[in-house]
Amino acid sequence: MRLSEPRPLQSLRPAGRACPLLAALILTLAGCAAAPTPQGINDPLEQVNRGVHGVNRTLDRAIVGPGAKAYGTVIPEPVRRVVGNLAGTLDLPGDIVNDVLQANPEDAGINSLRLATNLTMGVFGLFDAATAIGLPQRPTDFGETLNVWGAGEGVYLELPVFGPSTTRDAVGLVVDIVANPVRVLADGRDARAATAAGIFSRLGDRYRYSDTVESILYDSADSYAQARLLYLQNRRFALGQTADAAANDTFVDPYEDPYGQ
């Protein structure tokens, strides 16, 4: 993949008009109550979700799985790591925006320092210098922002390509894609390069965790129920909504967003 040259500031599309709207939104939602703690599994659309799950399994078996295997076999591990580092750095502006919306100055500061460190010491994000000097990863998304603002989890959904989700997280996913700062500010070529980095990074993840993913999708007695349970456990654990020891915040979603959101 040939990365485009850094663009001058003049090439960035202005986003100033969004600032007053953003400020108003923060002020409006600042007093929202905490989201209710979800209980059990709310899946009234199970029949439809199972149909989507079947399509996702077919896509994984026919395209994503073989593509990940080819990527992991052909591309050397150091190159895959560089692509993953770049994708992670490109995710940071969106993380920072969500940290601000969540009124979380600590994570906003850490992610800002990570971004600055990786863009400078990490050579435009090709190397994860921030982790090397002790700045931990603090990923977040607009689904978590909605949770902080008091939005309930909603019903369980399985989305085409994107996989397990909920109504709240599906809305968050759309906002993260549409309002991603990198895509908003970058020109078309750089935005496409960012998307490509995200896709290849996710293929690398699929290759790395192939045994886990394939055991869920193809070795489980009911792969839909297994993926649903693991997703909800992991998501609730990540949002601090459960102390369940079975929850595993390192679980890799077999349908993780291929566009790097």
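The values are calculated or read from the model by the stated rules, or taken from the named source; none is laboratory data. Only a predicted model underlies this, so the values are computations on that prediction, with no experimental measurement involved. In this analysis, Cβ positions are derived from the backbone assuming ideal geometry, glycine residues included, and neighbour counts consider all displayed protein chains.
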Inset, instruction - Give the number of residues within the range 90-105 that are surrounded by 19 or more Cβ atoms within 10 Å (Cβ to Cβ) and either among the charged types (D, E, K, R) or in a helix (DSSP H, G or I) (or both). - result: 10
Legend entry - Checking L157 against (1) in contact with a Leu (Cβ under 9 Å, 6 or more places away or on another chain); (2) surrounded by fewer than 19 Cβ atoms within 10 Å (Cβ to Cβ), the condition it does not meet: (2)
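Do we have N56 as modelled with pLDDT of 95 or more and part of a helix (DSSP H, G or I) here? Working first, answer last.
Details: modelled with pLDDT of 95 or more: yes; part of a helix (DSSP H, G or I): yes.
Here the answer is yes, as N56 does meet what is asked.
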Inset, instruction - Tell me which residues, restricted to the range 153-191, are closer than 29 Å to V48 by Cα and part of a loop (DSSP other than H, G, I, E, B). - result: E153, G154, V155, P160, V161, F162, A179
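Can you work out which of the residues in the range 129-143 that are part of a loop (DSSP other than H, G, I, E, B) and of a type in the set (V, I, T) is farthest from R235 (Cα to Cα)? Before the answer, list the steps.
Going through the range 129-143, the residues part of a loop (DSSP other than H, G, I, E, B) turn out to be 133-141.
The next check asks that each one be of a type in the set (V, I, T); those that pass are 133, 140.
Numbers: I133: 28, T140: 11 Å.
This residue is I133.
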Legend entry - Unmet criterion (only one of (1) at pLDDT below 95; (2) in a helix (DSSP H, G or I); (3) under 17 Å from T58 (Cα atoms)) for A194: (3)
Legend entry - Unmet criterion (only one of (1) modelled with pLDDT of 90 or more; (2) farther than 21 Å from R80 by Cα) for R183: (1)
Inset, instruction - Give the residue, chosen from A197, A179, A191, that is free of Cβ contacts under 8 Å to residues at least 40 places away in the same chain and out of contact with any Pro (no Cβ under 9 Å at 6 or more places or on another chain). - result: A191
Inset, instruction - Looking only at the range 199-218, decide whether some residue is buried (at least 20 other Cβ atoms within 10 Å of the Cβ) and in a loop (DSSP other than H, G, I, E, B). - result: no
